[in-house]
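First comes the structure, then the notes that go with it.
The values are calculated or read from the model by the stated rules, or taken from the named source; none is laboratory data. Everything quoted here is computed from the prediction, not taken from an experiment. Counting neighbours? That spans all protein chains shown, and the Cβs are built from the backbone with ideal geometry, glycine included.
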Amino acid sequence: MDKSKRLFFKSKRSFRKRLPPIQSGDKIDYKNMGLISRFISEQGKILSRRVNRLTLKQQRLITIAIKQARILSSLPFLNNEKQFEKSESTTRNTTALKKKKKK
C-alpha cells in the first residue's frame, strides 16, 4: 500500500478527551490546600508535569505554591511519619540494651 493512500485512513482508536486537572476558575495559591494536595505524592514529593497533565505555566505555579506552603508550615516537607516512628522505637531499644549491658 502506498504511503499517500495510507494518510487518508482514519485510525480506529477512539479516545476520550481528559478534563484538565485545574479549571479556569481555580486560583493556584498556597492557601488552596485542596488543590495543592492533589499534586503531591504519598511521600510528599511534587509530582511531575507528565503525571499531573498540567501546562508548563500551571506546573510552575503549583510548585511555587507548594514550596510556599511548606515554608509557612501548612504542608510538611516530608510525609514519612511511619518510618520515623519505627526508627525512633528501634533507637530507644538499642540504647536501653547498651545501658543494661554496661551495668
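Some observations on this one:
- Among the residues of region 30-74, those identified as among the polar types (S, T, N, Q) and within 11 Å of the chain's Cα centre (by Cα) are Ser37, Ser41, Gln43, Ser48, Asn52, Thr63.
- Test: residue in region 22-45 that is aliphatic (A, V, I, L, M), at pLDDT 90 or above, in contact with a Phe, Trp or Tyr (Cβ under 9 Å, 6 or more places away or on another chain) and surrounded by 10 or more Cβ atoms within 10 Å (Cβ to Cβ): yes
- Boolean, Ile62 is surrounded by 10 or more Cβ atoms within 10 Å (Cβ to Cβ), modelled with pLDDT of 85 or more and part of a helix (DSSP H, G or I): yes
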